[in-house]
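K.L.:
Quick one: this structure, given as structure tokens, is what I'll be asking you about.
The values are calculated or read from the model by the stated rules, or taken from the named source; none is laboratory data. All figures in this text were calculated on a predicted structure; none of them were measured in a lab. Here the Cβ positions follow ideal geometry from the backbone for every residue, glycine too, while neighbour counts run over all protein chains shown. The protein model used for the area step is the full one, side chains on, heavy atoms only, and it has no ligands, DNA or RNA in it. Shrake-Rupley method; radii C 1.70, N 1.55, O 1.52, S 1.80 Å.
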Amino acid sequence: QVQLVESGGGLVQAGGSLRLSCAASGSSLRFNVMGWYRQAPGKQRELVATITSDSSTNYADSVKGRFTISRGSAKNTVYLQMNNLKPEDTAVYFCHAAVTTFIKVDYWGQGTQVTVSS
């Protein structure tokens, strides 16, 4: 039984910063990849950033140079530092984790709201 819990969302003015946190519990597994997705009103869920167990990172073009994903010292913890936020970043942000044994299994958090005002 695995649970992913996000925190750190909120309301911020354009140009401001937020730091999202995600902590996985209920499993001793080391996830192969953890990351963040977001879903804006009326739009499909999209990839924001991912980080692998060896700390390789990947970012959506829209957030490159502004967002930084990192792993915490605690087991299966991941952060998303969001700088120079834009109104277009407004969305529900979801933590994601995946582990591959014989098959790939995906886990999702409940989401945290990020609202960027102009």
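K.L.:
When the distances between all Cα atoms of the chain are binned every 10 Å from zero, what whole-number percent does each bin get?
P.N.:
Result returned by the calculation: 15, 49, 29, 7, 0.
K.L.:
Could you tell me how far the Cα centroid of the range 11-28 sits from the Cα centroid of the range 52-105, in Å?
P.N.:
So the two Cα centres are separated by 9 Å.
K.L.:
To the nearest 20 debye, what is the magnitude of the charge dipole of the range 21-118 about its Cα centre, counting +1 on the Cβ of each Lys and Arg and -1 on the Cβ of each Asp and Glu? Please list the in-between numbers first.
P.N.:
Values: 10 positive and 6 negative charges, 21 e Å.
In debye, rounded to 20, the range 21-118 gives about 100.
K.L.:
Any idea how many Lys pairs in the chain come in under 24 angstrom at the alpha carbon, given 8 or more places apart or on separate chains?
P.N.:
Working: LYS43/LYS64; LYS43/LYS86; LYS64/LYS86; LYS75/LYS104.
Close lysine pairs under the 24 Å cut-off: 4.
K.L.:
Rounded to the nearest 0.05, what FRET efficiency is calculated for SER117 and ASN58 with R0 set to 25 Å and r the Cβ-Cβ distance?
P.N.:
On the way: r = 29 Å, r/R0 = 1.14.
According to the calculation, E is roughly 0.30.
K.L.:
Provide the per residue accessible area, probe 1.4 Å, for the range 71-118, rounded to a whole number of square angstrom. Please list the in-between numbers first.
P.N.:
Working: 2410 Å² over 48 residues.
Computed with neighbouring chains in place, this is 50 Å² per residue.
K.L.:
Let me ask you something else. If amide hydrogens are placed 1.01 Å from N in the peptide plane, which non-local residues have theirs closer than 5 Å to the one on THR90?
P.N.:
Here VAL116 satisfy the definition.
K.L.:
Taking θ = phi - 60°, what integer Hz values does the Karplus form 6.51 cos²θ - 1.76 cosθ + 1.60 yield along the range 44-58, in sequence order, with x for Gly and Pro?
P.N.:
So the J values, rounded to whole Hz, are 7, 5, 10, 5, 10, 7, 9, 9, 8, 5, 9, 6, 6, 10, 8.
K.L.:
Something else: Rank PHE67, PHE102 by accessible area, highest first, at a 1.4 Å probe radius?
P.N.:
PHE102, PHE67
K.L.:
Also, quick follow-up: Net charge around GLY35, counting only other residues with Cβ within less than 13 Å of its Cβ (Lys, Arg = +1; Asp, Glu = -1)?
P.N.:
Working: positive: ARG38, ARG45, ARG71; negative: GLU6, GLU46, ASP106.
That sum, taken over residues with Cβ under 13 Å, equals 0.
K.L.:
Mean separation of Cα pairs under 8 Å and 6+ residues apart, divided by the residue count of the range 36-118: what relative contact order is that in percent?
P.N.:
On the way: 130 pairs, mean separation 21.3, N = 83.
Taking the mean separation of contacting Cα pairs over the length of the range 36-118, I get 26 percent.
K.L.:
Loop-only check: which trypsin sites (Lys or Arg not before Pro) in the range 58-118 are DSSP coil with at most 11 other Cβ within 10 angstrom?
P.N.:
Values: sites: LYS64, ARG66, ARG71, LYS75, LYS104; in loops: LYS64, ARG66, LYS75.
Here the sparse-neighbourhood loop sites are LYS64.
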